[in-house]
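**Q** Have a look at this one before I ask anything.
The values are calculated or read from the model by the stated rules, or taken from the named source; none is laboratory data. Since we're looking at a predicted model, the values are computed, not measured. Every residue, glycine among them, receives a Cβ derived from its backbone with ideal geometry; neighbour counts consider all protein chains shown. Just the protein is used for accessible areas: all its heavy atoms, side chains included, with ligands, DNA and RNA removed. Shrake-Rupley method; radii C 1.70, N 1.55, O 1.52, S 1.80 Å.
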Amino acid sequence: GNSVTQMEGPVTLSEEAFLTINCTYTATGYPSLFWYVQYPGEGLQLLLKATKADDKGSNKGFEATYRKETTSFHLEKGSVQVSDSAVYFCALSDRTGGFKTIFGAGTRLFVKA
Amino acid sequence: DAGVTQSPTHLIKTRGQQVTLRCSPKSGHDTVSWYQQALGQGPQFIFQYYEEEERQRGNFPDRFSGHQFPNYSSELNVNALLLGDSALYLCASSLLPGQGGDTQYFGPGTRLTVL
């Protein structure tokens, strides 16, 4: 079945450091890929998405490129802020039998001032 | 434009009780899905409703049931609560893929604690 694997956390960085959170997926067909963010005590917010190979999703300084050849969708940000501290989930759209979102386990990011 | 709303925010129940959670989808969306997020884990798909019918279901027991109303809002019911049902329950709304929807938008969730 379709699945998402992302790097384990927590990831701890100093403010203005470069961020990479790795994500790989297994899927039949051509799913859309997503990054969602969850701040403490809140629900999920869509951070960015990409719908086909070589697409780059971007938002709030975060970027991720849909790499079909490596089945990856790594999240990057050039300079993190304390306010970026949250849990980040990589996900894909699964259209088998209908439509649902399959999530990775999440990666917690701590940014220190 | 109102996003996905859920009620209540928090809920405390005891084992064996029953609970009902509610969700209103984002304006213009007709498909509602429910997810369970245990502490420290990613959300797991429970089921999805479209046109007031359950379209697909994840690996959850029959104690979990739902309903969708003509205005597209939805309820999640859980019977005979177990301690392991303690989790954040997330509602997501979308359009069907055939209508251009492949993105689900999530509500803030209902935190259920079973004692």
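**Q** Could you identify the single residue in A:THR26, A:THR20 that is more than 11 Å from chain B (Cβ to nearest Cβ) and more than 14 Å from the chain's Cα centre (by Cα)?
**A** Numbers: A:THR20 fails: more than 14 Å from the chain's Cα centre (by Cα).
Just one listed residue meets the conditions, A:THR26.
**Q** Here's another thing I want to ask about it. Can you tell me which residue among B:ARG111, B:ARG22, B:ARG55 is within 13 Å of the chain's Cα centre (by Cα) and within 28 Å of A:ASN2 (Cα to Cα)?
**A** Values: B:ARG22 fails: within 28 Å of A:ASN2 (Cα to Cα); B:ARG55 fails: within 13 Å of the chain's Cα centre (by Cα).
Going through B:ARG111, B:ARG22, B:ARG55 in turn, the sole match is B:ARG111.
**Q** Which residues, counting only those in the stretch A:12-27, are farther than 13 Å from A:PHE89 by Cα, open to solvent by less than 40 Å² (accessible area, probe 1.4 Å) and part of a strand (DSSP E or B)?
**A** If the condition is that a residue be farther than 13 Å from A:PHE89 by Cα, open to solvent by less than 40 Å² (accessible area, probe 1.4 Å) and part of a strand (DSSP E or B), then A:LEU13, A:LEU19 are the ones that fit.
**Q** Does B:ALA38 satisfy being farther than 24 Å from A:THR107 by Cβ and over 13 Å from the mean Cα position of the chain (by Cα)? Walk me through how you get there before you give the answer.
**A** On the way: farther than 24 Å from A:THR107 by Cβ: no; over 13 Å from the mean Cα position of the chain (by Cα): yes.
In short, no.
**Q** Related question: Can you name every residue in the stretch B:36-46 that is open to solvent by less than 80 Å² (accessible area, probe 1.4 Å) and at the interface with chain A (Cβ under 10 Å from one of its Cβ atoms)?
**A** Just the residues of the stretch B:36-46 that are open to solvent by less than 80 Å² (accessible area, probe 1.4 Å), to begin with: B:36-38, B:40, B:42-43, B:45-46.
Correct list: B:GLN37, B:GLY40, B:GLY42, B:PRO43, B:PHE45, B:ILE46.
**Q** If you don't mind, there's one more thing I want to ask. Hey, could you check the stretch B:9-32 for residues that are in contact with a Leu (Cβ under 9 Å, 6 or more places away or on another chain) and within 14 Å of chain A (Cβ to nearest Cβ) and say which is surrounded by the most Cβ atoms within 10 Å (Cβ to Cβ)? Reasoning before the result, please.
**A** In the first step, residues of the stretch B:9-32 are kept if they are in contact with a Leu (Cβ under 9 Å, 6 or more places away or on another chain); the result is B:10-23, B:28-31.
Now drop any that are not within 14 Å of chain A (Cβ to nearest Cβ), which leaves B:10, B:21, B:23, B:29-31.
Values: B:HIS10: 10, B:LEU21: 21, B:CYS23: 27, B:HIS29: 20, B:ASP30: 16, B:THR31: 24.
Restricting to residues being in contact with a Leu (Cβ under 9 Å, 6 or more places away or on another chain) and within 14 Å of chain A (Cβ to nearest Cβ), the top hit is B:CYS23.
**Q** Would you mind stating whether B:GLN44 is under 14 Å from A:THR101 (Cα atoms) and modelled with pLDDT under 95?
**A** Numbers: under 14 Å from A:THR101 (Cα atoms): yes; modelled with pLDDT under 95: no.
Taking the combined requirement at face value, the residue does not satisfy it.
**Q** Could I ask something else about it? Tally time: how many residues in the stretch A:71-104 are modelled with pLDDT of 95 or more, in a loop (DSSP other than H, G, I, E, B) and either open to solvent by 20 Å² or more (accessible area, probe 1.4 Å) or within 14 Å of chain B (Cβ to nearest Cβ) (or both)?
**A** So the answer is 7.
**Q** Moving on. How many of the residues in the stretch A:45-70 are closer than 26 Å to B:LEU95 by Cβ, more than 8 Å from chain B (Cβ to nearest Cβ) and assigned to a loop (DSSP other than H, G, I, E, B)?
**A** 7
**Q** Would it be correct to say that A:PHE73 is touching a Leu at 6+ places or on another chain (Cβ under 6 Å) and not β-branched (Val, Ile, Thr)? I'd like the intermediate steps shown before the answer.
**A** Details: touching a Leu at 6+ places or on another chain (Cβ under 6 Å): yes; not β-branched (Val, Ile, Thr): yes.
Here the answer is yes, as A:PHE73 does meet what is asked.
**Q** If I go through the stretch B:47-89 residue by residue, how many of them are in contact with a helix residue (DSSP H, G or I) (Cβ under 9 Å, 6 or more places away or on another chain) and open to solvent by 20 Å² or more (accessible area, probe 1.4 Å)?
**A** Result for the stretch B:47-89: 1.
**Q** What are the residue pairs meeting all of these: first residue in the stretch B:35-52, first residue over 13 Å from B:SER74 (Cα atoms), second residue at pLDDT below 90 and of a type outside the set (S, T, N, Q), Cβ atoms under 7 Å, and 6 or more apart or on different chains?
**A** Correct list of pairs: B:PHE45/A:LYS100.
**Q** Let me ask another. Pull up the stretch A:59-100, narrow it to residues that are more than 17 Å from the chain's Cα centre (by Cα) and of a type in the set (D, E, K, R), then point me to the one that is nearest to B:GLU54 (Cα to Cα).
**A** Among those residues, the one meeting the criterion is A:ARG95.
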